[in-house]
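Data first, discussion second: the structure below is written as structure tokens.
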Ligand code: AHR
């Protein structure tokens, strides 16, 4: 295979928010995964599992979405503030969680968690079983700097300064568990909630610091997702618009048809089915970006300069990842092991997001800990980093860089590439998704090369995973690459491997 990279061919900046995370009170994501309690024997920081906090601090995810997901639609924020012993207990049945929520990890704990790991929060409001007033109050509690009853309450709970939460999701999967709404119903409801949102602007001409995220389509139902975006934007365009900053697409790579395929036991066909399923994300993003563009054209622009002008709606992917069949019967709910197959697929999804950074601005993997496509799995007091964690660490190097166009001169099946540049360095990802074949790749550059280092992830078997018995079986490794001439590199890539090259140019 041969590719050509010209570092002048850049086409967009990689929004660091594409490397976001998603956490929810579901299975053991928050309870056990993050919250262990202040009196726990498990080392913790104010009740939060130290292993998780330390690992995420290193990763520094730019954004974390919470409290759901489906759980957002049963979540009442007031249950999660104030003295922990006084907080009410509710029950979560979602996806077989079947667990009590003592609300130990509420708004202030979530904000402390975000601060500890260096992330911005994305709150998803409860549109199904709360009210416009409850949403408004939550926003006031988080963001009001002037003295009000709610900002005083925040102060009493230890946080005098407003949290300045920017990202607010209005509804979750509203076509499904979030209300089984039609696009028309949702457009009406969205208007109500969005219009009622406080702006925290001191003057009407100030920039609105609130970023409103509408529930987008179900990424896996081809016809419905087209219909959803078209019909929602059509209904939304009918009257004066209360503003919408982004539509939130969810993309799960479903692997649920074949009983014999489990997260840790699968064959060659299963491997390629999952890899190929991953690639669908590319087509979906492009299709959705086009639909949003078309929809925007039909939205009449306001006559008065005081009215909001809607000339851009971003596409965000609030949930993405592999969903294997066994997750549905897993205890704790939705927990699944993460093998090299998932790592390859995760790397590919990140590359697809980055490649489309002119179309997608934010994305959150579902979910960070103990649920679905996890980066972290916990077993008792052990905090195990899955190979997905390493992929995210390896890809950190792309954040904020300019995406580069790659010209492929000779294609090779199941090999995927992506490149970006920053300050005299080209970062090149090469995923060899071939299960058995080593691949030779020639890279031609428009610049002279000074040095090359390689981060890589691979294992002896595709079904390998990190476990409590062998927590570091799959770990990122590093090496120097010597085989290059002036502007050309020859690379040998192991089967089933993720490779990130740091190419310093002169
Ligand atoms: O991530 C698990 C669940 O998947 C979320 O709660 C929901 O939004 C989606 O259906």
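Assorted remarks:
- Between the Cα long axis of helix 183-196 and the first principal axis of the chain there is an angle of about 60°, rounded to the nearest 10.
- The residue 57 and residue 13 beta-carbon pair, evaluated with R₀ = 41 Å, returns a calculated FRET efficiency of approximately 0.95.
- Cβ-to-Cβ counts within 10 Å put 361, 490, 329 in ascending order as 329, 490, 361, the fewest first.
- Relative contact order (%) - criterion: Cα under 8 Å, at least six apart; region: the chain: 19
- The chain: angle of helix 340-355 to the longest principal axis, Cα-based, in degrees nearest 10: 70
- Applying 1/(1 + (r/R0)^6) with r as the Cβ-Cβ distance of residue 329 and residue 155 and R0 = 56 angstrom yields a FRET efficiency of 0.75.
- Take every DSSP beta bridge whose two residues both sit in the chain; close to 60 percent of them are antiparallel.
- Applying 1/(1 + (r/R0)^6) with R0 = 60 Å to the Cβ-Cβ distance of residue 91 and residue 504 gives a FRET efficiency near 0.60.
- Under 15 Å from the residue 202 label point (7 Å along Cα→beta-carbon), backbone N, the range 125-153: 144-147
- Using the rule -39500 (n - 2.57) for each DSSP H run of four or more residues, divided by the residues of the chain, the 222 nm mean residue ellipticity is -8000 deg cm²/dmol.
- The range 431-494-the range 154-211 distance, computed between alpha-carbon centres (Å): 44
- Here the extension length gained between residue 396 and residue 50 equals 122.4 nm, from 0.36 nm per residue of separation less the Cα-Cα distance.
- Annotation: the residues 269, 455, sorted from fewest to most other C-beta atoms within 10 Å of their own C-beta, follow the order 269, 455.
- Among 315, 128, the order by Cβ neighbours within 10 angstrom, fewest to most, reads 128, 315.
- Extension gain (nm, one decimal) between residue 115 and residue 411, 0.36 nm per residue minus Cα-Cα: 102.1 nm
- P(r) tail fraction, the chain - alpha-carbon pairs more than 41 Å apart, %: 20
- The slack in the chain from residue 446 to residue 294, taken as 0.36 nm per residue of separation less the alpha-carbon distance, amounts to 51.0 nm.
- C-alpha center-to-center spacing [the range 361-384, the range 13-63] in angstrom: 8
- Degrees separating the helix 50-59 axis from the principal Cα axis of the chain, which is the longest one: 70
Each value in this text was obtained by applying a stated rule to the coordinates, not by laboratory testing. Since we're looking at a predicted model, the values are computed, not measured. Neighbour counts run over all protein chains shown; Cβ positions are idealised from the backbone, glycine included.
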